[in-house]
Amino acid sequence: MKLVIVANPAAHRGFDAHSSVPYDEGSTIKVMRIAYLDCFSGMSGDMFLGALVDAGVSVRLLEETVAALNVGGRLEISRVERSGISATKVDVYVGGEKELPREVYWEQKGHNHARDRAHPHDHEHVQLREHNYSADTKEPSPAAPTHQHEHGRGLTEIREIIRKANITDSAKQTAIAIFETLGAAEAKIHNTDIGEIHFHEVGAVDAMVDIVCAAVGSEALAVDEFVCSSLNVGGGTVKCAHGTFPVPAPATVELLKGVPVYSSGIQLELVTPTGAAIVKTLCKRFSSFPEMKIEKTGYGAGSRDLPGHANVVRITIGEAQSEFVNKTSDETITVLEANIDDLNPQVFGYVMDRLLEEGALDAFGIPVQMKKNRPGMLLTVLAETTTLGVRSREERREVLARKLITVSTRWGDIRLKVASMNGTITNYAPEYEDCRRIAIEHHVPLKNVMQEAMQAYMKVRAKAG
């Protein structure tokens, strides 16, 4: 039996996603939709926007987003080919000038310096793509036109501009989170406080357009989760405001901590700081191509057309596994155990919390009577405690096929974990944290919330036959 009833994503502007299939008392059940980012040619802000548009996000929605920021700037959307692949190219114009890749900017900067020495009154303003932010030092940003002041917008001002924009609250939160991620990396590199980081004028506009449109556009996709591949960072060196550095640049390395990366040998910067910040904020999981039923794909083009290499990022959107596999899976796990009779119960609770936070499959304690008739606890999956020894063993376990689905109740959406064996559903239960949150927010008994979630699931299941 296949349950394919999708909840209403119509609240997302500018994107015609699935329709909803309601049933009695206004409840629906959602299929898990995911978006997978293939970053085999890196990631930048404009590439991500191009992929969103190519996947169906409304150009008008992004144009309205740029206008809502009220900071100047506009988008130009075009179709291009990158090594034979048709893709969408998004360019940001600021003050009538198009942003440039970093290495092109520095080439022109050197040329312009030579011209300025010969013609000191002949100014040519060039905008730098991506890395236009730096610590607020005596040295002005190289991307800032000479008629603008040295001190660009700080994070506080950027937050205020985003908060005043006519976009959804959730998109505002995402955009601000991306900027904060970016600012935190720069602050770490320059050994300063995040409040001292300034995004210089042209760079601030360019970055705000990229980041806020990325937040609005990703929301418009109406997916439940973004998943990302390993990122191809490129190679060689890159010129920055503070000198020449190996690729990936310092800020990019800081942003990609904990993220799987590699280099295919291409001697160019493929992952920009803005692209890294977008991925780091949106994607909570990095893996190979996930199991899904593909609905659509989109390709976002980079600025350069590289011979023999498609300089694009691909986004693939689809349903996560919508049917249960017909067999269970076997796996080997390690069990760590210790008997403890000298640990404060409050500390024991802390140990349990930390174990789960660090990724333990499970952690639990069992009261035991130890030698010399001392009461103690048997702790399974051990972390830091006062014990002097720990036992380890390997066990095999059989795991039922499972997936998360979402049902809609009068108080809001609740996830349920549904398990099956040999294609037959054997168990289902609402997620405790969802029910707990709703019970607190709506001042209703927890038991009532859990019961309604179960009833909603049973009604949908009955209608599905």
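Since every read-out is calculated from the coordinates, none of them should be taken as a lab result. Keep in mind that this is a model prediction, so the values were computed, not measured. A quick note on method: Cβ atoms are made from the backbone with ideal geometry, for glycine too, and the neighbour counts reach across all protein chains shown.
Kindly write out, for segment 186-195 in residue order, the coupling ³J(HN,Hα) from the Karplus curve 6.51 cos²θ - 1.76 cosθ + 1.60 (θ = phi - 60°), rounded to whole Hz, with x marking Gly and Pro.
These are the phi-based 3J(HN,Hα) values: 5, 4, 5, 5, 9, 6, 9, 7, 4, x Hz.
Quick check on packing: order 416-427, 174-185, 297-308, 228-239 by the mean number of other C-beta atoms within 10 Å, highest mean leading.
Going by the mean number of other Cβ atoms within 10 Å, highest first, we get 174-185, 228-239, 297-308, 416-427.
Collect residues whose amide H, placed 1.01 Å from N in the peptide plane, falls under 5 Å from the amide H of C39; neighbours closer than 5 in sequence don't count.
S229
Would you mind checking K417/K463; K98/K293; K239/K280; K98/K239; K89/K403 for any pair whose Cα atoms are more than 29 angstrom apart?
Those over the limit are K98/K293; K89/K403.
What share of the DSSP beta bridges in segment 222-293 is antiparallel, in percent to the nearest 5?
Percentage antiparallel, nearest 5: 50.
How far apart, in nm, are two points set 7 Å out from the Cα along the Cα-to-Cβ line at R410 and at S170?
2.4
Could you list the square roots of 5 times each eigenvalue of the Cα gyration tensor of segment 403-465, that is, the equivalent ellipsoid semi-axes, sorted largest first and rounded to whole Å?
22, 12, 8
Ranked from highest to lowest mean number of other Cβ atoms within 10 Å per residue, what is the order of the peptides 445-454, 267-276?
Ranked by mean Cβ neighbours within 10 Å, highest first: 267-276, 445-454.
Please list the non-local residues whose amide H lies under 5 Å from the amide H of L268, H modeled 1.01 Å from N, same-chain partners needing a gap of 5 or more.
G235
If you place +1 on the Cβ of every Lys and Arg and -1 on the Cβ of every Asp and Glu, how big does the dipole about the Cα centre of segment 245-366 come out, in debye to the nearest 20?
840
Taking segment 180-316 on its own, what percent of its Cα-Cα pair distances exceed 24 Å?
Of the Cα pairs, 34 percent sit more than 24 Å apart.
With a 10 Å radius around each residue's Cβ, average the other Cβ atoms per peptide and rank 345-356, 154-165, highest first.
154-165, 345-356
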